[in-house]
Amino acid sequence: MAITTSSSSVQSSPNVTPMIDVMLVLLIIFMVVTPALLAGFNAVPPQGVNLKDHPEDERDQVLGLDAQGTYYLNKKPIRKDDLPQMLKSIYDARTEDKILYVKAHKDIEYSKVLDALDVATKNGVRVVGMISEQRPGTQSTVAGDTRAKAPVTGGAH
């Protein structure tokens with residue numbers, strides 16, 4: 001119920017137009033930003049049991065292969081022809097820790113993964129690690145795993 005007097009032009013009802021304008025701008029921003037967050041390398045790696053967390057940090061080099069065989073180096077798409085030169089420049093500059101992690105889609109042909117591994121070993125990579133995900137419904141029993149439910153005990157056999 002609005003209170004109005006004949007001598008005053010003050011309205012007691014709120015003006016929602018600026019609020020609607022702000023909400024529409026925020027909606028547009030989120031609509032533009034959300035696909036950019038999901039863009040990049042999309043692969044569903046094979047799932048395993050009893051896996052330890054992979055601590056991907058900024059020093060790690062991760063080579064990705066999606067279902068179509070597109071190459072990604074640290075989540076940035078690259079051409080297959082540029083891969084040898086890029087790996088050589090990265091690993092020639094290192095004196096130690098010449099490890100490359102490979103994350104490939106589960107449905108990609110294994111020959112394409114082998115081709116990538118061959119290129120990597122010819123261009124300075126000494127150790128290759130494959131990235132996989134924990135199978136749903138299972139839990140890791142690896143000592144030091146941050147997702148392990150119970151501490152792992154045991155000695156040398």
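Every number here is computed from the coordinates shown, using simple stated rules; none is lab data. Keep in mind it's a predicted model, so treat the numbers as computed, not measured.
Descriptive notes on the structure:
- Potential lengthening between Ala36 and Met19 on full extension [0.36 nm per residue; Cα-Cα distance subtracted]: 3.5 nm
- Amide H to amide H distances under 5 Å link Gln61 with Tyr101, where only residues 5 or more positions off or on other chains count and H is placed in the peptide plane.
- Length gained on full extension, Glu96 to Ile28, computed as 0.36 nm times the residue gap minus the Cα-Cα distance: 19.8 nm.
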